[in-house]
Amino acid sequence: MFQIKEKPKMVERALLLGAYTNADNTAEATSLLEELEELVNTLGIPVIDRKLVHHREVHARYLVGSGKAQEIADFVKENQIDVIIFDNELTPSQQRNWEKLSGVLAIDRQEVILDIFAKRAQTREARLQVDLARMEYSLPRLVRAWTHLGKQGGGIGAKGEGESQLEQDKRKIRGQIDRLKRDLDAVKRQRATQRKDRKRTPVPNAAIVGYTNAGKSSLLRALTGADVLVEDKLFATLDTTTRKIALPNNQPLLLTDTVGFVRKLPHGLVEAFNATLEEAVMADFLVHVLDVSQPEVMEFYETTLKVLTDLGAASQRTLLVFNKIDRLADQLVADDLITVELRIPQTRADLIARLHREADIRHTEYIDNDVLLRARISPRVAAAYSSFAAIGLSSN
């Protein structure tokens, strides 16, 4: 995405900037900025410094107050920074305002993720999905490339050269977006056909999901011996890989690795990658990998569940897999969990989805218009479902 700049060049000195309004979220803002640095390192961009900015309210012009913005712009000039990378999502006008104020390129977390995806996409499907997300992101930002032509032409009611070229480019990109969507629809139809062929042979399918870098590809490789890339980098792989294994009882199983999730994942990417991520929706069950050595493991867990909810896969049966359990200083115990049996109306999909997030579901059965669930859960959470108790609570 760096080519949007009028005279693109390799960026060599980056300043990372994270802005937040709630003082209670300082730890989370710090963690997100650290993750942004990992993302930027994945692109090979040197990070010179990073700054956290707490501000009382969101300002339309610079996101932060004009005084703080000027202070940051002065720091950029003094330290010869050539790109400011925001952890926040910037509007097109905010990007233009920052570039005018600082004299350097200003991009956001979304653009960084799009660039990573563009570099890592290998298959035609992945490239189509990335191209679609990049086009949709770039369309409202095209004016950045043509501001130097905007005042040419003159005359009342006349269009300047820049305006004419801008409109031509917008039409061209809209046409490319339409073409990419058609191509992706064709991919979806092809994948649907492949799934039908797969269903003719009654082999169940499990989709491996989880936060990026949690160990999904490592698990697939360990279970199947598949020659897949295993690398300690965010978004090391983007393309899905499916392999067949035999379970201990000789039951065959298809395992599919999917792209990892990340906090603040651009919504456009969720939409664009729907053709790939629908493997999670269509799977018989999910294998959710968690790296328990990460301090933010529960936040990563919630992030993955949120994306799955957006895809309509939150109610899928899920097997939790804990990676790097040997790195835990204190072993987690489940002695305080209890087993509950609940009967929840199918119309309460919100409660069922919440239960999948908060409990270890052991059994699911559909009776009339209700869902009967047996789950291992903490007493505190179980209390919220007391009115749906089918048999009662036990400590088994």
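The values are calculated or read from the model by the stated rules, or taken from the named source; none is laboratory data. All values derive from a computational prediction rather than experimental measurement. Backbone-built Cβ (ideal geometry, glycine too); neighbour counts: all protein chains shown.
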**OP:** Working only within segment 64-121, note down all residues that are acidic (Asp, Glu) and touching a residue at least 12 places away in the same chain (Cβ under 8 Å).
**Re:** 82, 87, 89, 99, 108, 111, 115
Original post:
Among the residues of segment 37-51, how many are in a helix (DSSP H, G or I), over 12 Å from residue 84 (Cα atoms) and touching a residue at least 24 places away in the same chain (Cβ under 8 Å)?
Top reply: 3
Original post:
Restricting attention to segment 64-87, which residues are loosely packed, with under 14 Cβ neighbours inside 10 Å and in a loop (DSSP other than H, G, I, E, B)?
Top reply: 79, 80
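Going by what's in this entry, would residue 319 be described as at pLDDT below 85, outside the structural domain of residue 32 (by TED's automatic domain parsing) and either part of a strand (DSSP E or B) or in contact with a strand residue (DSSP E or B) (Cβ under 7 Å, 6 or more places away or on another chain) (or both)? Before you say what the answer is, go through the steps one by one.
Numbers: at pLDDT below 85: no; outside the structural domain of residue 32 (by TED's automatic domain parsing): yes; either part of a strand (DSSP E or B) or in contact with a strand residue (DSSP E or B) (Cβ under 7 Å, 6 or more places away or on another chain) (or both): yes.
Here the answer is no, as residue 319 does not meet what is asked.
Mind listing just one residue for me: the one in segment 291-309 that is over 18 Å from residue 360 (Cα atoms) and out of contact with any Asp or Glu (no Cβ under 9 Å at 6 or more places or on another chain) and, of those, modelled with the lowest pLDDT?
Step one: filter segment 291-309 for residues over 18 Å from residue 360 (Cα atoms), giving 293-296, 307.
If we keep only those that are out of contact with any Asp or Glu (no Cβ under 9 Å at 6 or more places or on another chain) too, we end up with 294-295, 307.
Working: 294: 81, 295: 77, 307: 80.
Selected residue: 295.
Count, please, the residues in segment 291-300 that happen to be more than 15 Å from residue 325 (Cα to Cα) and either assigned by TED's automatic domain parsing to the domain that holds residue 28 or buried (at least 17 other Cβ atoms within 10 Å of the Cβ) (or both).
Total meeting the criteria: 1.
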Original post:
How about segment 190-290: which helices (runs of 4 or more DSSP H) wholly inside it have at least 2 residues that are in contact with a helix residue (DSSP H, G or I) (Cβ under 9 Å, 6 or more places away or on another chain) and modelled with pLDDT under 85?
Top reply: 267-272, 274-282
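Just to be sure, is residue 42 outside the structural domain of residue 265 (by TED's automatic domain parsing), touching a Leu at 6+ places or on another chain (Cβ under 6 Å) and at pLDDT below 95?
Numbers: outside the structural domain of residue 265 (by TED's automatic domain parsing): yes; touching a Leu at 6+ places or on another chain (Cβ under 6 Å): yes; at pLDDT below 95: yes.
Judged against the criteria, residue 42 is a match.
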Original post:
Hey, among the residues in segment 350-383 that are within 28 Å of the chain's Cα centre (by Cα) and of a type in the set (Asp, Glu), which one's modelled with the highest pLDDT?
Top reply: 360
